[in-house]
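Throughout, read-outs are computed from the coordinates displayed, never taken from laboratory work. Computed from a predicted model, the values in this text were never measured in an experiment. So basically every Cβ, Gly included, is an ideal-geometry build from the backbone, and we count neighbours across all protein chains shown.
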């Protein structure tokens, strides 16, 4: 059984993010599964902090991007939209170069709230960051 009300279209999602922080940081939505959405982000001058490691804020932006995009495909877009209430991130390992991949999966899809787990891994598959996004489902009026 699929998680989606409307299966995400990667081309449409990436177009939606043009001229935003998402595009500026090089985040690209790359894969949709039955119960996940995946995005990548480069680890380069745009996403590093002064000590040469992946910036925690960039990791949080990646996590919120992929989970928010996923959340909004779990509701009827004619009647509702999802907006973030709270995000938390645990930075587990430093990354200095290459890219990272974030995978968002739902933990709870309720009528008024959603909770998403986002796992960010480096290019070798090591867990770099684990995040949780809580979204509220808002009526479109």
- When you look at residue 29, is it touching a helix residue (DSSP H, G or I) at 6+ places or on another chain (Cβ under 6 Å) and closer than 18 Å to residue 133 by Cα, yes or no? yes
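Kindly provide the set of residues from region 19-37 that are assigned to a helix (DSSP H, G or I) and within 14 Å of the chain's Cα centre (by Cα), ordered by number. Steps first, please.
Restricting attention to region 19-37, the residues satisfying the condition of being assigned to a helix (DSSP H, G or I) are 21-24.
Scanning region 19-37 gives 21, 22, 23.
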- Does residue 40 meet the test of being within 19 Å of residue 12 (Cα to Cα), touching a residue at least 40 places away in the same chain (Cβ under 8 Å), touching a strand residue (DSSP E or B) at 6+ places or on another chain (Cβ under 7 Å) and assigned to a strand (DSSP E or B)? yes
